[in-house]
Amino acid sequence: MAAQIISGKTLAAQVKERMTGETEALKRQGVTPCLAVVLVGDDPASAVYVRGKQKDCEECGIRSLLVRLPAEATQQQVLERLAALAADGAVHGILVQLPLPRHIDERAVIAAIPPEKDVDGFTPVNVGRMVIGEECFLPCTPAGCIEMLKSTGQPLAGKHAVVIGRSNIVGKPAAILLLRENATVTVCHSRTQGLAQLCRSADILVAAVGREGFVTGDMVKPGATVIDVGINRNAEGKLCGDVDFAAASEKAAFITPVPGGVGLMTRAMLLVNTVQAARMQARA
Ligand code: NDP
């Protein structure tokens, strides 16, 4: 039997509707949530992502501010712009679009975002809070994965979750959030031995590798839930994930598509974090 599709489109639309309502309520209290996006250089893919984020904000009534700096901007200049945004009471969320030009130290830039405005959840303070289970901004992609898993109505507690990938922005935080949901978590990476076997034992399989067709049908346990984080281009230039969707759908009970899956929920979770930032700063 073919798997049920977990639609990022449907779930993201629900989140956006909720965030539109919350933004209206905040505006009635005199607060307009505002996200500042810092874009350094002219990487075309980054520009597309940033436009998408601005469009999402607009749809929900959130103000967005684009701060553009040339590719040759110095690290000091980027840090100065961040300091100005940090001090600006009308700006609630700050996001630095990655990757940054090579001459800029990404870690130093991220660390310069005040934790209360870090809507990407990438600063060491927010990562630390996430790990110890304190209230914080959760990184958007893994948080979106958890929302998608919860939407199936299947309990996560006690399930074996296998995460393929251990990057700081996807794999590692996905593993932490699954652990917070009381799943039993295995994290796989390029040095893992017996990866296919581990995947076959997964009730929940999260693929965040960045390689087309990495997860084949025989790696999926019958009845599993498969979350495909990968965004790749195939030989025909079409967007595809890390999972062989057709084959995995035959085995899984639930599966996310690419496109139309995790990517859309990632964008939606940024709106959630921005509204949360505005709400918290309005209270402070
Ligand atoms: P990274 O390249 O930072 O990490 C990839 C991970 O996959 C690494 O941990 C690496 O292991 C692991 N890996 C690579 N090859 C193998 C292998 N042969 N066997 C097992 N593990 C392997 O990528 P990201 O985490 O940033 O992104 C992963 C994918 O998700 C990409 O396609 C990216 O485009 C997509 N993405 C999608 C988002 C969305 O919104 N849907 C958001 C962010 C990313 P090791 O650590 O050992 O090198």
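Computed values, structure above
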| quantity | calculated |
| --- | --- |
| Sorted by Cβ neighbour density within 10 Å, fewest at the top, the residues THR74, THR256 | THR74, THR256 |
| Relative contact order for the chain, counting Cα pairs under 8 Å that sit 6 or more residues apart, in percent | 23 |
| Estimated inter-spin distance, THR32 and ALA13, nm [label 7 Å along Cα→Cβ] | 2.8 |
| Pairwise FRET efficiency - SER167 versus ALA284, Cβ, R0 = 30 Å, nearest 0.05 | 0.40 |
| Dipole magnitude (debye, nearest 20) for the range 140-263, charges at Cβ of Lys, Arg, Asp, Glu | 340 |
| Most positive-pole-ward Cα, ALA86, THR32, ALA224, against dipole of the chain from beta carbon charges | ALA224 |
| P(r) of the range 31-114 over all Cα-Cα pairs, binned every 5 Å from zero, in whole percent | 3, 15, 28, 24, 19, 9, 2, 0 |
| Neighbour-count ranking [beta-carbon atoms within 10 angstrom, fewest first] of GLU134, GLU147, GLU236 | GLU236, GLU134, GLU147 |
| 3J(HN,Hα) from dihedral phi, the range 176-185, Karplus parametrisation 6.51/-1.76/1.60, rounded to Hz, x for glycine, proline | 5, 5, 5, 5, 4, 8, 6, 6, 9, 10 |
| Student exercise, the chain dipole from Lys, Arg, Asp, Glu Cβ charges, in Debye to nearest 20 | 280 |
| Residues listed by number, the range 132-161, amide nitrogen under 16 Å from HIS189 label point at 7 Å toward C-beta | none |
| Per-residue [θ]222 nm for the chain (sum of -39500 (n - 2.57) over DSSP H runs n ≥ 4, rounded to 500) | -13500 deg cm²/dmol |
| Nearest 10 degrees, 0 to 90: helix 44-60 Cα axis against the chain principal axis | 80 |
| FRET E, pair ILE5, ASN232, Förster distance 25 Å, beta-carbon r, rounded to 0.05 | 0.85 |
| The chain: angle of helix 140-151 to the longest principal axis, Cα-based, in degrees nearest 10 | 50 |
| Given charges at beta-carbon only (K, R positive; D, E negative), |dipole| of the range 229-284 in Debye | 400 |
| Label-point separation in nm, THR152 to GLU106, each point 7 Å along Cα→Cβ | 3.0 |
| Quarter of the Cα convex hull surface for the chain, i.e. its orientation-mean projected area (nm²) | 15.0 |
| Likely footprinting exposure, ASP118, ASP244, ASP228, ASP88, fewest C-beta neighbours within 10 Å first | ASP88, ASP244, ASP118, ASP228 |
| Estimated FRET transfer efficiency (ALA71, ALA246; beta-carbon r; R0 45 Å; 0.05) | 0.65 |
| Too-long pairs where the Cα-Cα distance tops 31 Å, listed order kept, from LYS117/LYS150; LYS16/LYS238; LYS117/LYS159; LYS53/LYS150; LYS150/LYS238 | LYS117/LYS159 |
| Positive-end extreme of charge dipole, the chain - chosen from LEU177, LEU98, LEU270 (charges on Cβ) | LEU177 |
| The chain: angle of helix 8-28 to the longest principal axis, Cα-based, in degrees nearest 10 | 30 |
| Whole-angstrom gap from the range 89-116 to the range 210-248, using each part's C-alpha centre | 31 |
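Computed from the coordinates by the stated procedures, all read-outs in this text should not be read as laboratory data. These figures come from a predicted structure and were not determined experimentally. So basically every Cβ, Gly included, is an ideal-geometry build from the backbone, and we count neighbours across all protein chains shown.
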